[in-house]
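Asker: So that we are looking at the same thing, I have put the structure below in structure tokens.
The values are calculated or read from the model by the stated rules, or taken from the named source; none is laboratory data. Keep in mind the model is a prediction, meaning the values are calculated, not measured. Counting neighbours? That spans all protein chains shown, and the Cβs are built from the backbone with ideal geometry, glycine included. Note: areas computed on protein heavy atoms with side chains; ligands, DNA, RNA excluded. Shrake-Rupley method; radii C 1.70, N 1.55, O 1.52, S 1.80 Å.
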Amino acid sequence: MPAPSPPACARFWFRYDDELEYIARAARDADAVARSNAMVVLGQPVILSLLIDGAGLAQGYRIITDPHADEELRMYAYTVAIAFKARFGTDGWTCDQLAPAESETPITGIFVKERCRKVADGQEIVVESRYYYKPGQALLDPNTGLPTVNQFESSARMQMVAVDALRK
């Protein structure tokens, strides 16, 4: 009987060795915690993913700002997209400013919903940034008049995939 073929889409996860971070946390050393935390890009907590094909080969990676970060920190998450694009050079990007969906509104007059794409060195790079209120979100609760907590979209996402892997 032939061996079963590998699944078309395999899911794997990994985590950085965070022992030094936890030692720093136990010592209550905020500076050492910041230096030891590998899951941060430009001060923003991030979620990292490797993109693995059916043969078990890494074909790319994805970085997404953490939507569960503290409000004061997450407010500026969308700006990380600037650094993502700069990492691959300023030329050759095709960017689309996406229109607001129904009931999406600006935050203090600023609305960002951008998707940029670039192909370079056999890699497709896609960078997205978002900064707005989603439907039903606002600075103040309309029922109580009190400030809302963490009710907004502010995010950056970068994905790089080998162009050959996209053709399969």
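Asker: For the stretch 131-166, give me each residue that is of a type in the set (S, T, N, Q) and in a strand (DSSP E or B).
Answerer: Ser154, Ser155, Gln159
Asker: Another question, if that's okay. Which residue pairs have Cβ atoms under 9 Å apart, sit 6 or more places apart or on different chains, and have a first residue in the stretch 47-74 that is of a type in the set (Phe, Trp, Tyr) and in a strand (DSSP E or B) and a second that is open to solvent by less than 50 Å² (accessible area, probe 1.4 Å) and modelled with pLDDT under 90?
Answerer: From residues that are of a type in the set (Phe, Trp, Tyr) and in a strand (DSSP E or B), the pairs are Tyr61/Leu48; Tyr61/Ser49; Tyr61/Leu51.
Asker: Assess whether Arg87 counts as being basic (Lys, Arg) and open to solvent by 100 Å² or more (accessible area, probe 1.4 Å).
Answerer: yes
Asker: Okay, moving on. Return the total of residues in the stretch 107-131 being over 21 Å from Gln44 (Cβ atoms) and touching a residue at least 12 places away in the same chain (Cβ under 8 Å).
Answerer: Residues meeting the conditions: 7.
Asker: Taking interchain pairs and intrachain pairs at least six residues apart, which have beta carbon atoms under 8 angstrom, with the first residue in the stretch 139-168 and under 30 Å from Cys95 (Cα atoms) and the second open to solvent by 90 Å² or more (accessible area, probe 1.4 Å) and at pLDDT below 80?
Answerer: Going by the 8 Å Cβ cut-off, the qualifying pairs are Leu139/Pro147.
Asker: Which one is modelled with the lowest pLDDT, of the residues in the stretch 131-155 that are open to solvent by 40 Å² or more (accessible area, probe 1.4 Å) and of a type in the set (D, E, K, R)?
Answerer: Among residues in the stretch 131-155 that are open to solvent by 40 Å² or more (accessible area, probe 1.4 Å) and of a type in the set (D, E, K, R), the one modelled with the lowest pLDDT is Asp141.
Asker: When you scan the stretch 87-106, how many residues do you find that are outside any loop (DSSP other than H, G, I, E, B) and either touching a strand residue (DSSP E or B) at 6+ places or on another chain (Cβ under 7 Å) or at pLDDT 95 or above (or both)?
Answerer: 5
Asker: Something else now. Just the residues that are aromatic (Phe, Trp, Tyr) and more than 13 Å from Ser155 (Cα to Cα), please, taken from the stretch 38-79.
Answerer: Tyr61
Asker: Any idea which of (1) out of contact with any strand residue (DSSP E or B) (no Cβ under 6 Å at 6 or more places or on another chain); (2) modelled with pLDDT under 95 is the one Arg74 doesn't satisfy?
Answerer: Every condition holds for Arg74 apart from (1).
Asker: Taking only pairs six or more apart or across chains, which ones have beta-carbon atoms under 7 Å, a first residue in the stretch 15-41 that is closer than 15 Å to Asp66 by Cβ, and a second residue that is assigned to a strand (DSSP E or B) and modelled with pLDDT of 80 or more?
Answerer: Taking only residues 6 or more apart or on different chains, the pairs are Met39/Pro45; Met39/Val46; Met39/Leu48; Val40/Val46; Val41/Ile63.
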